[in-house]
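A short write-up of the structure that comes next.
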Amino acid sequence: MNSRPDRRSFLAGGFPTVMVASAGPAAAETVREPIEIGAPLGLVLGVVLGAIALQRTLKLNRRMQAQIDAASAAFHALMQQRFDEWGLTPAERDVAFLALKGCSIAEIARLRETSEGTVKAQTNAIYRKAGVSGRAQLLSLFLDDLMGVRP
């Protein structure tokens, strides 16, 4: 008779049972009991460690959200400061904000319920007051300020 355990027995019956089957039922029970006790303990440990990891992730998320909120507030304050320096009208401020967000002329006109021609005139006034030639340069001014670079 072959002394090696059959591969199908290994897959069906589990490793400890197959390996100690030749030693008798008592040996199999001796190995099975710690495994049966260890499995639920491992599951409980996994749940506890998962809860700790979740708690740390949520704490990190709150800290990152606070940083994002602070950066957003700083950017908004910077925009308002620049808009004040340039002497933008309330309508021009709205248009500048939407342009910085990436809205097209047509989208800005639709959102503000005005004509595209009006929005084009307002964007030209914004660019002239800011001393830039287009949207990319306007955005660049704010990025330079945020990075601490002054042209």
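The values are calculated or read from the model by the stated rules, or taken from the named source; none is laboratory data. The shown structure was predicted, so the numbers you read here are calculated from the model rather than taken from an experiment. Using ideal geometry, Cβ is built from the backbone for each residue, glycine included, and neighbour counts are taken over all protein chains shown.
Can you name the number of the only condition in (1) in contact with a Gly (Cβ under 9 Å, 6 or more places away or on another chain); (2) in the same structural domain as MET147 (by TED's automatic domain parsing) that ILE35 fails?
Only one criterion is unmet by ILE35, namely (2).
Condition first: exposed (fewer than 14 other Cβ atoms within 10 Å of the Cβ), out of contact with any strand residue (DSSP E or B) (no Cβ under 7 Å at 6 or more places or on another chain), assigned to a helix (DSSP H, G or I) and at pLDDT below 95. Can you find one or more residues in segment 119-135 that meet it?
Scanning segment 119-135, I find no residue that is exposed (fewer than 14 other Cβ atoms within 10 Å of the Cβ), out of contact with any strand residue (DSSP E or B) (no Cβ under 7 Å at 6 or more places or on another chain), assigned to a helix (DSSP H, G or I) and at pLDDT below 95, so the answer is no.
Take the conditions in contact with a Leu (Cβ under 8 Å, 6 or more places away or on another chain) and part of a helix (DSSP H, G or I) and apply them to LEU49. Does it pass?
On the way: in contact with a Leu (Cβ under 8 Å, 6 or more places away or on another chain): no; part of a helix (DSSP H, G or I): yes.
Taking the combined requirement at face value, the residue does not satisfy it.
Could you check segment 87-99 and list, in sequence order, the residues that are buried (at least 17 other Cβ atoms within 10 Å of the Cβ) and touching a residue at least 24 places away in the same chain (Cβ under 8 Å)?
Within segment 87-99, LEU88, GLU92, VAL95, ALA96, ALA99 meet the criteria.
Give the residue, chosen from PHE83, PHE142, that is modelled with pLDDT under 90 and in contact with a helix residue (DSSP H, G or I) (Cβ under 8 Å, 6 or more places away or on another chain). Let's see the steps before the verdict.
Details: PHE83 fails: modelled with pLDDT under 90.
None of the other options fit; the residue is PHE142.
Filter segment 89-110 down to residues that are over 20 Å from HIS76 (Cα atoms) and assigned to a helix (DSSP H, G or I) and give me whichever is nearest to the chain's Cα centre (by Cα). Steps first, please.
Let us first name the residues in segment 89-110 that are over 20 Å from HIS76 (Cα atoms), namely 104-107, 109-110.
From the residues that got through so far, the ones that are assigned to a helix (DSSP H, G or I) too are 105-107, 109-110.
Values: ILE105: 30, ALA106: 30, GLU107: 27, ALA109: 32, ARG110: 31 Å.
It comes out as GLU107.
Quick check on segment 70-88. Is at least one of its residues in contact with a Ser or Thr (Cβ under 8 Å, 6 or more places away or on another chain) and in a helix (DSSP H, G or I)? Let's see the steps before the verdict.
First, the residues of segment 70-88 that are in contact with a Ser or Thr (Cβ under 8 Å, 6 or more places away or on another chain): none.
Within segment 70-88, not a single residue is in contact with a Ser or Thr (Cβ under 8 Å, 6 or more places away or on another chain) and in a helix (DSSP H, G or I).
For segment 45-62, state whether one or more residues are surrounded by 14 or more Cβ atoms within 10 Å (Cβ to Cβ) and either at pLDDT 90 or above or farther than 30 Å from LEU146 by Cα (or both). Quick ask: steps written out before the conclusion?
Kept after step one, since they are surrounded by 14 or more Cβ atoms within 10 Å (Cβ to Cβ), are these residues of segment 45-62: none.
No.
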